[in-house]
Amino acid sequence: MRIAVLVTYVPDTASTIKVGPSGKAIDEAGIKWIISPYDEFAVEEAIKLKESKGAEVTYITYGPERDQQVLRECFARGGDKGVHVVGTGAAFGDAFAIAQILTAAVKKAGPFDLIFAGVKGVGSDQGLVGAMVAELLDIPHVASVTKIEYGEAGITAWREIEGGQEVVEVSLPCVITAQKGLNEPRYPSLKGIMAAKKMPVESVKVADLGLDEAALGGATCRWVSLALPPAKSAGKIIHGEQDPQAAARELARLLREEAKVI
Amino acid sequence: MAGILVFVEQRDGHVRKASFEALSEAKRLAQGKGIPVVAVVVGSGVRGLASTLGDWGAEKVFVADQPELAHYSPQAYAQALASAVGEAQPQAVFLAATAMGRDLAGRLAAKLKVGCLPDVTAVRWDGDTLQAVRPVYSGKALATVDGGKSVPVVVTLRPNVFPAQKSPHTAEVMALPPVAVRGGYKVKEVVSLQAGELDVAEADIIVSGGRGLRGPENFALIRELAKVLGAAVGASRAAVDAGWIDHAHQVGQTGKVVSPTLYIACGISGAIQHLAGMSSSKVIVAINKDPEAPIFKVADYGVVGDLFQVIPALTEEVRKLKT
Ligand SMILES: Cc1cc2nc3c(=O)[nH]c(=O)nc-3n(C[C@H](O)[C@H](O)[C@H](O)COP(=O)(O)OP(=O)(O)OC[C@H]3O[C@@H](n4cnc5c(N)ncnc54)[C@H](O)[C@@H]3O)c2cc1C
Ligand SMILES: Nc1ncnc2c1ncn2[C@@H]1O[C@H](COP(=O)(O)O)[C@@H](O)[C@H]1O
């Protein structure tokens, strides 16, 4: 079995966000980069499958030079190969442009029986790339998956929906987007971290895939501007340490008469 | 014919509230330009439902009604939508940013080779182009985005953000050509979490509990308050990771992103990853014994106190107000 995992490097979720000089993207100074949290579930699932059934795991990422590191971080947990599509970042924030680049990379490194992605990339929070890659490859996908059973011809996936789960039988090849609950991502071992440095990474340029990054970027989604949200004015504080009953009464009154929400 | 095409999501023959919101917002934008709103409904036995969509401003409703479409399938539904796009030639396709809408939007956009503006909280015209605002970086920034050269542009609208408003029309109902549903994807079963439980992603009011609850049994306090308010039960990751409640209830970065009218956070400190999921709520209430807890910075109303005393008292007060 051959598995691809699409992984992306994102700002640590605890980062302070500042608007950069372009006014359209963040200021990257001082940002710590991490594997997108949902991609960790995707990585773990692929490694578990390799361990239980035998598989070759290829990580694929598209991004600037520094993103080679995300592949190293994945290797520290397991896996076999890495493909880094090195770009200028022109396609950042444009899910369809990214999906076209990743699809070309998947085709070049493939074929694959299973492709894992995260349900969404934290930060740009699009939640689109997995389904788009599946469509471009003309294969099925199951999104927001919290459990998988692997059968002979296909897999059964539990997918999170409002108020419940859909249990889906899907044939291979397909794309699965990972949701929290799918597994417990392991921590990299020291041995893994050392070994990761020597793992093979194939570096390709977007042009090597026959695509024009500058033309793609922003063709289907442009970030016109980026702003910090307006500061919220201070709320009303009710002290309920002494008389919780009175505090509760006052809160209920405010919610009914002032906020008019109950 | 230009216009805005709205995918109307239904489950078991009921239109989702978030789809009415999407229709209403489409109507508001379309009116400004004198263009029509067109709806599309996909499912099995949904034809009757189509004619009611005129009440929500749809001038035309396309219907894909086939037994094989009873359950959501990304490829089949995207095919039905693409054929409605072919008929209506809209400038934009709107979907509610629900589990189905978010997923379908990606598939559809790639099929049409256009862009998608996901999970937006505001939409406006910039000349003849639609511009949208979406929270990014856990709500720590707001991006104004457009679809570049995309025609149409696919937009998903965050539930509970846009007001639903009727706008009566007589809708012309038209059947779409049958979708050739491919094999390889089959919904075997739909499992409901717990009968009668509201999902946080759709609720108007949410009462959430965190580590301050100290144990799973104390979620009963949260449930009780939620019941009198007609609210859904939410949770912080700390409560979920401790195994006190199912992940489906988790609000935040790695849980659900919600925008209720009222969000009541009980025993939740207000970590940035939690705020990522709820900071666009209209009114935020925090109940916490620590006056320095960061949740108070985003709260419209805060009660400093012991939740074990405040919540039951609040439940009682709300019950009084409601009777
Ligand atoms: C990548 C990543 C993703 C994450 N995703 C999420 C997510 O989706 N959702 C999420 O919620 N978190 C998420 N987190 C975790 C987040 O950082 C916090 O750890 C978590 O939100 C804390 O939960 P809590 O507020 O319930 O617990 P705590 O931070 O421990 O807060 C408990 C609060 O309860 C109060 N309290 C205690 N006893 C009482 C009492 N008797 N009466 C009143 N108040 C009391 C305390 O004062 C305290 O403020 C994520 C973290 C990371 C790194
Ligand atoms: N630049 C990228 N390189 C590799 N994978 C990506 C990239 N961007 C997104 N993905 C994958 O697509 C998923 C969803 O991303 P998004 O649609 O941006 O939210 C991520 O979790 C990754 O698995």
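The values are calculated or read from the model by the stated rules, or taken from the named source; none is laboratory data. Quantities reported herein were computed from a predicted structural model and do not represent experimental measurements. Heads up, the Cβs are rebuilt from the backbone with ideal geometry, glycines too, and the neighbour counts pull from every protein chain shown.
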Residues in the stretch B:117-155 that are basic (Lys, Arg), in contact with a helix residue (DSSP H, G or I) (Cβ under 9 Å, 6 or more places away or on another chain) and either surrounded by fewer than 19 Cβ atoms within 10 Å (Cβ to Cβ) or closer than 19 Å to B:Ser19 by Cα (or both): how many? 1
I'm trying to understand the selection: among the residues of the stretch A:157-183, which are under 22 Å from the mean Cα position of the chain (by Cα) and polar (S, T, N, Q)? A:Gln165, A:Thr177, A:Gln179, A:Asn183
Please determine whether any residue of the stretch B:276-289 is within 16 Å of ligand 2 (Cβ to nearest atom) and of a type in the set (Gly, Ala, Ser). yes
Which count do you get for residues in the stretch B:116-173 that are at pLDDT below 95, within 17 Å of B:Gly101 (Cα to Cα) and in a strand (DSSP E or B)? 0
When the stretch A:140-168 is checked residue by residue, the ones that are within 16 Å of ligand 1 (Cβ to nearest atom) and at the interface with chain B (Cβ under 7 Å from one of its Cβ atoms) are A:Ser144, A:Glu160
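Yes/no per residue for (1) touching a strand residue (DSSP E or B) at 6+ places or on another chain (Cβ under 6 Å); (2) of a type in the set (Asp, Glu); (3) more than 11 Å from chain A (Cβ to nearest Cβ):
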residue: B:Asp103; (1), (2), (3): yes, yes, no
residue: B:Ala109; (1), (2), (3): yes, no, no
residue: B:Cys116; (1), (2), (3): yes, no, no
residue: B:Thr170; (1), (2), (3): no, no, yes
residue: B:Val173; (1), (2), (3): yes, no, yes
Kindly list the number of the only condition in (1) within 11 Å of chain B (Cβ to nearest Cβ); (2) surrounded by fewer than 20 Cβ atoms within 10 Å (Cβ to Cβ) that fails for A:Gly123. (2)
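Do any helices (runs of 4 or more DSSP H) entirely within the stretch B:211-323 hold 1 or more residues that are among the small types (Gly, Ala, Ser), more than 30 Å from A:Gly121 (Cβ to Cβ) and more than 9 Å from chain A (Cβ to nearest Cβ), and if so, which?
Hits in the stretch B:211-323: B:219-229.
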Looking at (1) within 8 Å of chain A (Cβ to nearest Cβ); (2) within 25 Å of B:Gly147 (Cβ to Cβ), which is the only condition B:Ala96 fails? (1)
Having 1 or more residues that are facing another protein chain (nearest Cβ under 7 Å) and more than 30 Å from B:Gly183 (Cβ to Cβ) is the bar; report the strands (runs of 3 or more DSSP E) wholly within the stretch A:172-262 that clear it. A:222-227, A:236-239
Collect the residues in the stretch B:252-290 that are more than 6 Å from ligand 1 (Cβ to nearest atom), closer than 17 Å to B:Gly212 by Cβ and either of a type in the set (Lys, Arg) or in contact (Cβ under 8 Å) with a residue 40 or more places away in the chain (or both), keeping them in residue-number order. B:Tyr263, B:Ile264, B:Ala265, B:Cys266, B:Leu275, B:Met278
Looking for something under 25 Å from A:Met199 (Cα atoms) and either among the hydroxyl-bearing types (Ser, Thr, Tyr) or facing chain B (nearest Cβ under 9 Å) (or both) - is there at least one such residue anywhere in the stretch A:100-114? yes
